[in-house]
Amino acid sequence: MERATIAVHCHNDRGLAVANSLAALACGARQIECSINGLGARKGNADLAAVVMAITNAQGYRVDVEPNSLPQASELVTQITGISR
C-alpha cells in the first residue's frame, strides 16, 4: 500500500463533500477529486475552490492549483453551463 495513492471522491448529497474530503485527507488520502463550482452527479461534488482554500490554510499539505486562477475558472464554467455555485 505504500506505493498506492489513496484518493477520495465525495458527493455533496448532504452538504458535506468538502468536509468529508478534508477528513479523508487527515486520515491518509493524498488525492481529492473535486470539481469547479462543485458540479457533478446527484447533488454535486466537492467544490475545488473550497477544498483548495482549506488545504492552503492547513500546514503540511501541497496543492498543485493556483488559487488566484479559481475565480476566473469558476466564472468561465458558469458562463458555459449556466449553472453557478
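Could you tell me which residue of region 1-52 is nearest to the chain's Cα centre (by Cα), considering only residues that are surrounded by fewer than 12 Cβ atoms within 10 Å (Cβ to Cβ) and under 20 Å from V77 (Cα atoms)?
Only one residue tops the list, namely A41.
Against the condition in a loop (DSSP other than H, G, I, E, B), free of Cβ contacts under 8 Å to residues at least 24 places away in the same chain and touching a helix residue (DSSP H, G or I) at 6+ places or on another chain (Cβ under 9 Å), how does A4 come out, does it pass?
Answer is no for this residue.
Cβ-Cβ distance below 7 Å, separation of 6 or more or different chains: which pairs start in region 10-25 with a residue that is without any contact (Cβ under 8 Å) to a residue 60 or more places away in the chain and assigned to a strand (DSSP E or B) and end on one that is crowded, with 22+ Cβ neighbours inside 10 Å and not charged (D, E, K, R)?
Taking only residues 6 or more apart or on different chains, the pairs are H11/A17; H11/N45.
Rundown of residues vs (1) over 13 Å from N12 (Cβ atoms); (2) not in a loop (DSSP other than H, G, I, E, B), yes/no style:
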{"residue": "N37", "(1), (2)": "no, yes"}
{"residue": "K43", "(1), (2)": "no, no"}
{"residue": "M53", "(1), (2)": "yes, yes"}
{"residue": "T56", "(1), (2)": "yes, yes"}
{"residue": "D64", "(1), (2)": "yes, no"}
{"residue": "N68", "(1), (2)": "yes, yes"}
{"residue": "Q72", "(1), (2)": "yes, yes"}
{"residue": "V77", "(1), (2)": "yes, yes"}
{"residue": "I83", "(1), (2)": "yes, no"}
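Residues are listed down the side, and each one gets a yes or a no for (1) touching a strand residue (DSSP E or B) at 6+ places or on another chain (Cβ under 8 Å); (2) of a type outside the set (G, A, S):
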{"position": "S35", "(1), (2)": "yes, no"}
{"position": "L48", "(1), (2)": "yes, yes"}
{"position": "V51", "(1), (2)": "yes, yes"}
{"position": "V65", "(1), (2)": "no, yes"}
{"position": "P71", "(1), (2)": "no, yes"}
{"position": "S74", "(1), (2)": "no, no"}
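Each reported figure results from applying straightforward, stated rules to the coordinates on display, with no laboratory input. Computed from a predicted model, the values in this text were never measured in an experiment. Here the Cβ is made from the backbone with ideal geometry for all residues, glycine too, and neighbour counts use every protein chain on show.
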